[in-house]
Amino acid sequence: MLSIKNLRVSINNKEILKGVNLEVRPGEVHAIMGPNGTGKSTLASVISGREIFTVDEGEILYKGKNLLDMPVEDRASEGIFLGFQYPVEIPGVSITNFMRTAVNEQRKYHGLDPMPANEFLAKMEEKKKMLEIHAKLANRSVNEGFSGGEKKKNEIFQMAMLEPSLAILDETDSGLDIDALKIVASGVNKLRRPDNAFVVITHYQRLLEYIVPDIVHVLFDGRIVRSGGKELAIELEEKGYEWIKAELV
Amino acid sequence: MDKDPNNILEEVTQGEYKYGFYTDIEMDQAPRGLSEDTIRFISAKKNEPEWLLQFRLDAYRKWLGMTEPSWAHLHHPPIDYQDIIYYAAPKKKKELESLDEVDPELIATFNKLGISLEEQKRLSGVAVDAVIDSVSVKTTFSETLEKQGIIFCSFSEAVQKVPDLVKQYLGSVVPSDDNYFAALNSAVFSDGSFCYIPKGVRCPIELSTYFRINAANTGQFERTLIIGDENSYVSYMEGCTAPMRDENQLHAAIVEIIALKEAEVKYSTVQNWYPGNKKGEGGIYNFVTKRGICKGNNSKISWTQVETGSAITWKYPSVVLMGDNSVGEFYSVAVTNNYQQADTGSKMIHLGKNTRSTIVSKGISAGYSSNSYRGLVKMTKRAENSRNFSQCDSLLLGDKCGAHTFPYIKTENRTSIVEHEATTSKISDDQLFYCNQRGISTESAIGLIVNGYAREVLKQLPMEFAVEAQKLLSISLEGSVG
């Protein structure tokens, strides 16, 4: 589904990703771990198409298409979803209105008519129920005045509405208390299907107790230095990142 | 993309010119230029009573002694007032056989605005067939209104039908020598609307519905007079969200509103006149004087405006709060793009005790445009315990446009409270990326963000108007970023 080959990325002439390789197949959950500042969020941004980064080398294929040629909104319509680490506020725009616009723009991309209003509202209700989201959330402006937990829940809600085939969750666990973490994780688990995939970026092993990954990667100094099963996450937690550093030297 | 989005609005707004406006009979037109003869000609054409002719002549003589104001943050070449035709019979557009003959870009804009097929035909000058009989619709509305004693007609009609009412209130809120453009309008006004709601009557319909069906060619010097008698209510809507074009470059209108004891008048405008092309050529100069007076105790006047058109907008809808406990409101969204210039705002003059006023102004500037808020809040000595709250926000798109705020506050007593808040913001790259990542194109994202920003004002508009206004905001800003 997603195939990244020898990806080198820089910002302001500073190289951040130094040759990343990654294969994600349908039905898989990948976890990308690593200390702060090793390029985890950069990787998420580049896959989703943020323009502030320069791709110096390598390729990203998604369902066989060259992702690097596609504008951000087309990548989204092709099924790539990014759960933001710091979701922005859009004052005055209700979540309902925001989601309706997003759903219909994605449908337009696929040559479909806008979703009828009653169908859309029914879908909203269904997803809210599934994720145990308070009914009032939908009438509030996007992220405006939300607590950290509400923002992250809102990201998961949007993911549920847009039904992406590849969801990248960038530090979704940061700033969450244990209850919020459980709700977010259970939302992700409910959305897992054989035909979609998740890339979960996290600093701590804690989230992975609730979202069990198939493959764990350790990103260090712009490269994936180790990949393994879920045991790798536990080992990392026990030994700390210093262990990886020491091994590399 | 097969088309530069920057050009779409330009092409659409110029589209209709291809089919042209023309005046078929030269005789029904005043000679070019302004003189006492021109005014006598206009007055005679309209079969006006002597007092009205004198009102016009008096205004003209005052106008001669006045000079064009220069304090606004606006720049335009000098206007040659002798090069204007001050009276012409309603102009007929060339009648087209079907919508197929209309510029497809214009149709595209209509569709984006969600304007019905029948109305598209009417607006673009296609002969409307008998499917919708606008005459009978008009009759139905008129009957409903007449039953309640509501008078709603063209200004010229009112002069014939209810001369005493017109005489009593004309110029009572905006004196003919109020300002340069008001004096000009008072001398040469063409036509407009008149509305009277009798004591204790709540007007059952939004007067817009009616107005849109009958959107008359009111010309460039429009005059509107609205009177809410004691304990009455009316919601009045002016204008149209469809692209309005006119070959008259100068527009100088006057709107006067009188609210007597316990009356409430709500006035909403959506204005979308030709703003000129992308280079700033052409476009309407709109110099408008709009003022209401809360004459009786516990009365209320509310202005809501959405401004996207005109090359130049000079407009300060105001309320004189004369009655005790009276309320004045002003809600405004002004969008400027390309080389448009807007100097707009409100005046709240507190005369009565315990009077309250609210000003919410949202300016949105894009392109090379200039958008200024100018407002005055005055608490006179008698206006004890009065309050004003003003909020002036500016949203900038791009880095070539300008936003300015000129608030004036005068307080002559110690018990009144005046609050003023102002913010300036930009649409951030983070917001655009967030929207893009959800599959929303940059253009739609801007529409969404701008509408969210203006929501506080848009929600003041009557429902059907609000939906169109939202679409209009997006269209006006097409191609302004990216």
At a Cα cut-off below 20 Å, give the lysines reachable from A:LYS190, other chains included and same-chain residues fewer than 8 away excluded. A:LYS123, A:LYS127, A:LYS128, A:LYS129, A:LYS151, A:LYS152, A:LYS153, A:LYS182, A:LYS230
Rg and Dmax of region A:45-119, Cα atoms only, in Å: 14.7, 47
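Using a simple charge model, +1 on the beta-carbon of Lys and Arg, -1 on the beta-carbon of Asp and Glu, nothing else, what dipole does region B:421-482 show about its Cα centre, in debye to the nearest 20?
Numbers: 5 positive and 8 negative charges, 20 e Å.
So the dipole magnitude of region B:421-482 works out to roughly 100 debye.
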Looking at this model, which pairs from A:LYS18/A:LYS63; A:LYS65/B:LYS471; B:LYS199/B:LYS378; B:LYS46/B:LYS471; B:LYS279/B:LYS362 are more than 27 angstrom apart at the alpha-carbon? A:LYS65/B:LYS471; B:LYS199/B:LYS378; B:LYS46/B:LYS471
The exposure ranking of B:LYS46, A:LYS245, fewest beta-carbon neighbours within 10 Å first, is A:LYS245, B:LYS46
Work through the residues other than A:MET161 whose Cβ is under 10 Å from its Cβ and net out their charges, Lys, Arg +1 and Asp, Glu -1. +3
Could you grab the relative contact order for region A:2-248? Cα pairs under 8 Å, six or more apart, rounded to a whole percent. 29
Listing A:ASP173, B:ASP58 from the residue with the fewest other Cβ atoms within 10 Å to the one with the most, what is the order? B:ASP58, A:ASP173
A student asked for the Cα radius of gyration and Dmax of region A:2-248 in angstrom ought to give 18.0, 58
Here region B:279-335 gives, from Cα atoms, an Rg and Dmax in Å of 14.6, 49
Ranked list, fewest to most other Cβ atoms within 10 Å of each Cβ, for B:THR336, B:THR424, B:THR224: B:THR424, B:THR224, B:THR336
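Highest first, please rank the peptides B:412-422, A:22-32, B:181-191, A:39-49 by the mean number of other Cβ atoms sitting within 10 Å of their residues. Let's see the in-between values first.
On the way: B:412-422: 13.7, A:22-32: 18.8, B:181-191: 25.1, A:39-49: 22.9.
Going from most to least packed, we get B:181-191, A:39-49, A:22-32, B:412-422.
No value in this document is a laboratory result; all are computed from the given coordinates. Please read all numbers here as calculations on a predicted model, not as lab measurements. Reconstructed Cβ throughout: ideal geometry from the backbone, glycine too, with neighbour counts over all protein chains shown.
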